[in-house]
Amino acid sequence: MLTPDSVVVRFFNKIIIRHPRRVIACLLCVVATLGYFSKDFKIDASAETLMQENDASLRYAREISARYGVEDFLFIAYSPKADLLSDQVLAQIKSLRDEIKAMERVESVITLLDVPLLESPPMPIGELAGELRTLASPGVDRELARIELKNSPLFRNLLVSPDLKTTAIQVNFKIDTIFQDLIRRRNQLRDKAAADGLTDEESVAYDHVVRNLDAHNELWNQTRHKDIAQIRAIMDKYRGDAGLFLGGISMIADDLISFVKNDLKVFGIGVFFFLILTMGIIFRKLRWVVLPMICCSFSAIAMLGLLGLSGWKVTVISSNFISLQLIITMSYTIHLVVRYRELLTQNPDNDQRDLVGETVRLMLVPILYSAITTIAGFGSLVSCDIVPVVNFGLMMMAGIAVSLTLTFLFFPAGLVLYKKTEPPSAANTSHSLIMFMARLTEFRGKWILVMCAVAFFFSVIGISRLVVENSFINYFKKSTEIYKGMTVIDQQLGGTTPLDVIIDFDDEPEPAVGLNEETAVPDEFDEFDEFDDDGGESTKQYWFTPYKMDKVLEVHNYLDGLHETGKVLSLGTMMKIATKLNGGKPLDSFELSLVYNELPDKYKDLLVKPYASVENNEVRLTLRVRDSEKTLRRNELLNKIRHDLTNDLGYPEKNVHLTGMMVLYNNMLQSLFTSQIETLGIVLLALTIMFLILFRSFYLAIIAIFPNLLSIGVVLGAMGWMNLPLDMMTITIASISVGIAVDDTIHYIHRFKEEIKIDGNYIQAMHRSHESIGYAMFYTSVTVIIGFSILVLSNFIPSILFGLLTGLAMLIAITSALTLLPALIILIKPFGSEFS
């Protein structure tokens with residue numbers, strides 16, 4: 001316990017309180033310097049920031065992307081008011097395509113004008129080598145084209161909607177070879193570091209690669225933002241005659257950044273001014289508004305500067321850390337204000353410096369204790385494998401330290417400069433909500449314990465109902481353009497979230513079964529391999545056997561039959577088209593070779609190369625999952641696909657691989673959920689140990705943990721009962737609840753320890769604690785709850801949920817701290833028996 005003669009208190013008395021102007025001047029210099037570096041504060045919502053860097057699936061996904069040349073692309077959903085195949089609409093699509101294709105970083109644009117029409121009329125396989133018809137070809141039969149587009153296994157639900165009222169325009173960007181090279185070099189060095197360690201030169205090279213990769217990612221985000229803005233500007237020219245919506249992974253990431261930045265700016269300022277209004281209503285003196293808000297401003301500016309200086313990037317997961325820091329800073333200042341006013345009322349003749357010094361002396365320990373335990377609560381995030389989550393935990397730990405330091409340096413220095421006022425008039429508190437809770441605890445203590453037990457019981461049931469899901473489409477209000485666009489693409493054009501299924505074939509002789517058993521490829525063809533002088537291109541045709549195509553069609557049809565999947569593309573798509581061109585008869589080996597040889601390269605790139613790797617003896621089936629499907633459970637779907645392919649279709653487990661964005665995000669969520677569940681128990685145990693050290697009482701430590709358990713339980717339970725999924729935005733709410741609830745618990749117990757020493761009467765000590773620290777706790781909670789209610793006006797659903805769940809956590813924390821906590825203290829009597 002600190003005493004007036006301790007080093008820390010002497011520091012405050014001799015430095016902070018005696019030389020307040022110098023202290024404030026120094027603080028202004030420090031904050032101004034850090035404020036300059038806040039210009040480097042950045043938000044990154046790219047897909048890369050949400051992946052587990054040590055996830056084997058991420059590395060495999062990058063290998064597949066490089067192997068098949070997977071491009072970054074955007075979709076434009078184009079819904080004309082006129083007929084889709086009319087001259088006017090086709091001319092507009094051509095004009096739109098040409099404008100976008102002229103952009104610097106666009107590799108190609110695929111529209112319904114660019115795809116081959118093979119059934120308008122049907123084209124014999126032997127003629128595939130010739131000039132293929134398209135909608136842009138002169139004399140094409142548009143009615144036959146309409147039938148083909150509507151029924152084609154390639155075009156339906158991909159290029160056009162089933163009702164032919166919407167078409168997709170795919171914008172392919174140039175492959176970022178620099179990024180791929182940097183990733184490859186970084187992974188090579190990481191592998192060597194894990195296996196044998198790095199030499200000094202290699203360590204320098206690794207740091208250089210990482211810096212270049214960060215710089216390149218930042219540049220990529222900026223250029224992609226400009227590209228998206230330019231595409232939208234081009235789209236605006238055509239909105240008079242059609243409905244246009246933009247979609248794609250990079251667009252979602254870019255819009256996430258825009259929404260987060262907008263919320264940080266608009267609602268950050270809104271919350272700030274609302275806090276000013278609330279503080280003015282509560283304390284009704286300008287100084288009690290100015291000092292707390294300056295503390296909050298200094299803390300936020302300093303932390304933003306530290307983030308900019310250190311290069312820490314704020315992601316979607318950590319985007320609300322400034323709001324949380326405002327909560328914590330405001331909490332510290334309100335406790336100081338209430339304690340100062342209390343001392344002023346009790347000692348109206350004391351000098352201002354004495355009052356400020358005594359306020360600091362009395363409040364330093366409980367606030368320091370609460371800061372340490374709050375840091376421990378957020379420290380649970382550091383154990384996660386996902387870098388942005390770890391950074392969020394570290395940001396909050398650093399932010400709490402910054403807020404604590406600046407508050408205890410500026411607040412007393414600033415308060416000393418104000419003249420002492422008359423003591424605040426004594427208010428009639430007998431009918432206040434705080435004292436109602438005190439009386440309720442006194443006369444209905446057992447009832448409170450029963451009600452809390454019931455609430456916790458139902459919370460446990462609610463927690464059991466929680467699911468881990470991540471739906472980007474549900475991050476936005478239904479009235480927003482991004483939601484409408486994603487819905488159109490998801491429901492009319494084959495889904496949103498990409499998923500790849502890779503099937504490896506064994507290097508063993510194939511059975512003479514499949515589409516046509518008599519025409520399986522004979523082994524004699526192998527003798528001619530040595531004469532190939534074209535890199536093996538001529539022998540690739542023999543890889544496409546009826547057996548392999550039969551297996552591909554089997555998997556293709558299975559995936560296409562799943563309720564949750566949208567469009568499925570694979571070699572099976574080509575096979576279905578070729579079979580129709582062959583009069584409905586399956587192709588034999590010779591005909592398969594003919595199709596491969598005769599198909600022009602530009603269409604081979606569209607229909608074959610993205611779905612087969614002859615060198616690796618594997619095929620790729622790519623599909624998109626309908627993100628708006630209400631019954632979609634992503635982890636269950638992935639497990640079902642793996643199970644069915646290995647158990648029902650008979651593929652060896654080692655030959656089946658699932659990859660793509662859906663797998664990576666699901667891995668991230670499952671890892672985050674597992675780590676949070678595992679560490680939550682450890683955090684509660686750690687908090688109990690810290691309570692034991694702080695209060696030096698086993699009973700107090702056990703008592704103190706119950707309000708925190710209730711706060712966590714009710715918030716998570718409410719999410720379960722309301723069917724709110726745990727996703728990358730809401731899964732950290734448990735740590736936030738711990739960080740918030742622990743503050744009220746420590747302040748109340750610390751004050752109760754002081755009050756019980758007066759007369760040893762638990763009931764009276766409880767009433768005095770409610771009348772003093774209870775008001776500080778109540779003011780803090782009300783200010784934060786009302787302030788964060790502004791977030792319900794956001795268009796970004798995670799921000800709305802954050803505001804509501806934070807408010808709920810504060811409500812449960814203050815309620816349990818003023819009812820459950822004192823009821824347990826009175827029941828257990830951890831300070832010994834009453835002696836009066």
request  = Select from segment 551-589 the residues that are among the charged types (D, E, K, R) and farther than 12 Å from T622 by Cα and write down the one among them that is surrounded by the most Cβ atoms within 10 Å (Cβ to Cβ).
outcome  = K551
remark   = Matching residues in segment 701-735 (modelled with pLDDT of 75 or more, surrounded by fewer than 24 Cβ atoms within 10 Å (Cβ to Cβ) and among the polar types (S, T, N, Q)) number 1
Scope segment 202-217; condition open to solvent by less than 40 Å² (accessible area, probe 1.4 Å) and not hydrophobic (A, V, I, L, M, F, W, C); matching residues = H216, N217
message = One residue is enough: does segment 708-726 have a residue meeting the conditions closer than 16 Å to I825 by Cα and in contact with a Pro (Cβ under 7 Å, 6 or more places away or on another chain)?
response = no
key: Selection count where residues are open to solvent by 20 Å² or more (accessible area, probe 1.4 Å) and touching a Leu at 6+ places or on another chain (Cβ under 7 Å), scope segment 803-820   = 1
Candidates E218, E148 - the one that is modelled with pLDDT under 85 and either touching a strand residue (DSSP E or B) at 6+ places or on another chain (Cβ under 9 Å) or polar (S, T, N, Q) (or both) = E218
note = Here the qualifying pairs (Cβ atoms under 6 Å; residues six or more apart or on different chains; first in segment 215-235 and touching a residue at least 60 places away in the same chain (Cβ under 8 Å) and assigned to a helix (DSSP H, G or I); second of a type in the set (D, E, K, R) and open to solvent by less than 30 Å² (accessible area, probe 1.4 Å)) come out as I228/D254
ask   = Of the numbered conditions (1) among the basic types (K, R); (2) open to solvent by less than 60 Å² (accessible area, probe 1.4 Å); (3) in contact with a strand residue (DSSP E or B) (Cβ under 8 Å, 6 or more places away or on another chain), R186 satisfies every one except a single condition; which is it?
value = (3)
query = Can you tell me which residues in segment 646-669 are touching an Asp or Glu at 6+ places or on another chain (Cβ under 9 Å) and either charged (D, E, K, R) or closer than 26 Å to D550 by Cβ (or both)?
reply = T646, L649, Y651, P652, K654, N655, V656, H657, L658, T659, G660
ask   = How many residues are open to solvent by 10 Å² or more (accessible area, probe 1.4 Å) and in contact with a Phe, Trp or Tyr (Cβ under 8 Å, 6 or more places away or on another chain) when one looks only at segment 80-94?
value = 1
note = Among (1) at pLDDT below 90; (2) acidic (D, E); (3) part of a loop (DSSP other than H, G, I, E, B), E63 falls short only on (3)
remark   = Residue pairs qualifying under the 8 Å Cβ cut-off, at least six apart or on distinct chains, with the first in segment 610-635 being under 14 Å from V501 (Cβ atoms) and the second being of a type in the set (S, T, N, Q) and in a loop (DSSP other than H, G, I, E, B), are Y611/S570; V619/S570; R620/S570; L621/S570; T622/S570; R624/T496; V625/T496
inquiry  = Return the residues of segment 8-38 that are assigned to a helix (DSSP H, G or I), modelled with pLDDT under 90, over 16 Å from T405 (Cα atoms) and open to solvent by 80 Å² or more (accessible area, probe 1.4 Å); say none if nothing qualifies.
reply    = R10, K14
query = Which members of segment 618-636 meet the condition of being surrounded by 14 or more Cβ atoms within 10 Å (Cβ to Cβ) and either part of a loop (DSSP other than H, G, I, E, B) or on the phi > 0 side of the Ramachandran plot (or both)?
reply = R626, D627, S628, E629, L632, R633
task = Being assigned to a helix (DSSP H, G or I) and surrounded by fewer than 18 Cβ atoms within 10 Å (Cβ to Cβ) is the filter here, so list the residues in segment 344-357 that pass it.
result = T345, Q346, Q352, R353, D354
inquiry  = Being open to solvent by 10 Å² or more (accessible area, probe 1.4 Å) and more than 15 Å from S57 (Cα to Cα): is that true of K654 here?
reply    = no
request  = Only residues that are among the β-branched types (V, I, T) and either crowded, with 22+ Cβ neighbours inside 10 Å or in a loop (DSSP other than H, G, I, E, B) (or both): list them for segment 736-765, please.
outcome  = I736, V738, I740, V742, T745, I746, I749, I756
query = Do we have any residue at all in segment 242-254 that's surrounded by 13 or more Cβ atoms within 10 Å (Cβ to Cβ), in contact with a Pro (Cβ under 6 Å, 6 or more places away or on another chain) and either of a type in the set (F, W, Y) or outside any helix (DSSP H, G or I) (or both)?
reply = yes
message = Please determine whether any residue of segment 69-79 is under 30 Å from R190 (Cβ atoms), touching a strand residue (DSSP E or B) at 6+ places or on another chain (Cβ under 9 Å) and either at pLDDT 85 or above or assigned to a strand (DSSP E or B) (or both).
response = yes
remark   = Residue pairs qualifying under the 6 Å Cβ cut-off, at least six apart or on distinct chains, with the first in segment 145-163 being over 17 Å from K576 (Cα atoms) and the second being open to solvent by 40 Å² or more (accessible area, probe 1.4 Å), are S161/Q492
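Yes/no matrix, rows are residues, columns are (1) open to solvent by 40 Å² or more (accessible area, probe 1.4 Å); (2) assigned to a helix (DSSP H, G or I); (3) at pLDDT below 90:
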position	(1), (2), (3)
R341	yes, yes, no
L404	no, yes, no
E422	yes, no, yes
R439	yes, yes, no
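The values are calculated or read from the model by the stated rules, or taken from the named source; none is laboratory data. As the structure is a computational prediction, the values presented were derived from the model and not from experiment. Don't worry about glycine lacking a Cβ; one is built from the backbone with ideal geometry, like all the others, and counts go over all protein chains shown. Surface accessibility is based on the protein's heavy atoms, side chains included, excluding ligands, DNA and RNA. Shrake-Rupley method; radii C 1.70, N 1.55, O 1.52, S 1.80 Å.
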